[in-house]
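Written below as C-alpha cells is the structure these notes are about.
Values quoted throughout were computed directly from the atomic coordinates according to the rules given, and no laboratory measurement underlies them. Everything numeric here is computed off the predicted structure, so don't read it as measured data. Methodologically, a virtual Cβ is constructed for each residue, glycine included, from the backbone with ideal geometry; neighbour enumeration extends over all protein chains shown.
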Amino acid sequence: MTSPTPYPLSLRGTLDEPLSRWLWIVKVLLLIPHLIVLAFLWIGAFVAWVISIFAIAFTGVYPRGLFDYNVGVMRWSWRVSFYFTSAFGTDKYPPFSLQPMAEYPADLSVVYPAKLSRGLVWIKWWLLAIPHLIIVGVFQGGEGNGLIGILAIIAAVVVLFTGKYPPGIFDLVMGLNRWAMRVAAYVMLMTDEYPPFRLDVSE
C-alpha cells in the first residue's frame with residue numbers, strides 16, 4: 001500500500017512536555033502583544049492576497065515576496081495557536097518572527113509553486129473550497145468553540161489534574177489543525193492542489 005502524496009503545506013507540532021498545570025489559564029493575557037501584531041500582519045496578508053489574485057491571473061505566478069510574507073503570517077499564527085487554544089501544546093512563548101525556526105515546537109512551511117492556474121485563481125478560494133470551508137468551520141468554530149478548541153481545553157483540564165496531555169487527543173488536534181491549514185493555503189492561492197479530505201495525525 002503506497003503512502004499518500006505529501007501536500008505542499010507541512011504543519012509541525014511537537015508536544016512539549018512537561019507542561020505547566022495552570023499556565024494555560026492565563027495564556028490569553030500573555031498573548032496580547034502577539035494578537036495586536038497579528039491583527040496588523042493579517043491586514044497586510046489580505047492586501048498581499050488581493051494583489052496576488054491579479055498577478056496570478058495575468059502571469060500564472062505568485063510573486064515570491066508576497067508568497068513568503070503570507071506564509072510567514074500563517075507560520076506566526078500557527079505558533080500562537082499551538083501555544084494557545086488550537087493545541088496548548090507548549091509553554092514556550094512564541095517568537096515574534098515570520099521566519100521558520102527549527103528550535104520552536106511548532107512550525108509551518110509551504111512549497112513555493114513555480115506556476116499556478118490563471119483560471120482557477122478566480123474560483124478556487126471560494127467556490128471550489130466550499131465543502132472544505134464547511135468542514136473547517138466545524139473544526140474551528142468561533143472564539144474557540146469549535147471542535148479543535150473544545151478538544152484542546154479538555155486536554156488542558158486533564159493536564160491540570162494529572163500533569164499529562166492525552167496523546168490521543170493531541171494526535172487528533174494536530175490532524176484537525178493540519179486539515180484546516182491545508183485549506184487555508186488553498187484559499188490563500190498558494191497551491192492548485194486540492195486539499196485532501198483526510199485526517200493526517202502525523203506528516
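Quick notes on this one:
- Taking the criterion of being assigned to a strand (DSSP E or B) and surrounded by fewer than 18 Cβ atoms within 10 Å (Cβ to Cβ), the only residue of the stretch 3-21 that qualifies is 10.
- Residue 113 being touching a His at 6+ places or on another chain (Cβ under 7 Å) and either in a loop (DSSP other than H, G, I, E, B) or hydroxyl-bearing (Ser, Thr, Tyr) (or both): no
- Count of residues meeting criterion [in contact (Cβ under 8 Å) with a residue 40 or more places away in the chain and within 23 Å of residue 45 (Cβ to Cβ)] in the stretch 170-203: 19
- Which listed residue is in contact (Cβ under 8 Å) with a residue 12 or more places away in the chain and either under 18 Å from residue 12 (Cβ atoms) or under 17 Å from the mean Cα position of the chain (by Cα) (or both), from 75, 64: 75
- Residue check for residue 107: touching a Leu at 6+ places or on another chain (Cβ under 9 Å), farther than 25 Å from residue 14 by Cβ and not aliphatic (A, V, I, L, M): no
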